[in-house]
Amino acid sequence: MEKKPPSDFLKSVLGRPVDVKLNNGVEYKGVLACLDGFMNIAMEQTQEFVNGQLKAQYGDCFIRGNNVLYISASK
């Protein structure tokens, strides 16, 4: 299996649905619009989940990078 840097993954999911989990356990699902070197994330069509329950929906969402635990491609 070939090793690839995380930046390759992040470039591949730009404009696609992703799941973003925060350090406090809250999860956001939406389309990754952009991100920067500090892992600050802008998302579109975003849904907020707390304890697995849908709590809110946002058109656009900005998440500060120091709160991000992980980003994964949605299934």
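No lab work stands behind these numbers, since they all come straight from the coordinates. All values derive from a computational prediction rather than experimental measurement. Every residue, glycine among them, receives a Cβ derived from its backbone with ideal geometry; neighbour counts consider all protein chains shown.
Structure notes:
- For the chain, size of Cβ-based charge dipole, Lys and Arg +1, Asp and Glu -1, in debye: 160 debye
- GNM remark for the chain: springs join alpha carbons under 10 Å apart, and the peak mean-square fluctuation among Ala56, Ala33, Ala42 falls on Ala56.
- Across the chain, C-alpha contacts under 8 Å between residues 6 or more apart give a mean separation that, scaled by the residue count, equals a relative contact order of 30 percent.
- Potential extension, Ser72-Phe38 segment - 0.36 nm per residue separation minus Cα distance: 10.6 nm
- Within the listed set Phe62, Phe49, Phe38, the residue fluctuating most in the Gaussian network model of the chain (springs between alpha-carbon atoms under 10 angstrom) is Phe38.
- Shown here for the chain: GluC sites (Glu not before Pro) in loop regions (DSSP other than H, G, I, E, B) with at most 16 other Cβ atoms within 10 Å, namely Glu2.
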